[in-house]
């Protein structure tokens, strides 16, 4: 009996949300390849640190992420992921 695992079942990647060096939370994301680019896809509240229902900060510190750090994967060190904000 062979077991097949759908490629999308293992596509989710853990990321750490940080303000500078201060960890705020752990979240998930995935990489979407489109054309010649790779894009990190995650939820809006992960990038803003804001509850979309009531506008309050998700972190008890009031911190808003300015760094996303990829956890796990093939690298021995976490990978910094740039955050760009529109607005």
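See the values below:
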read-out	value
Options 16, 21; residue that is under 17 Å from residue 70 (Cβ atoms) and at pLDDT 90 or above	16
Qualifying residue in segment 50-57 (condition: in contact with a helix residue (DSSP H, G or I) (Cβ under 9 Å, 6 or more places away or on another chain) and either crowded, with 17+ Cβ neighbours inside 10 Å or closer than 16 Å to residue 11 by Cβ (or both))	no
Breaking point among (1) under 17 Å from the mean Cα position of the chain (by Cα); (2) surrounded by fewer than 16 Cβ atoms within 10 Å (Cβ to Cβ); (3) modelled with pLDDT of 85 or more, for residue 79	(3)
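The values are calculated or read from the model by the stated rules, or taken from the named source; none is laboratory data. Predicted model only: the values in this text are computed from it and were never measured. Note that we place each Cβ from the backbone using ideal geometry, even for glycine, and neighbour counts take in every protein chain shown.
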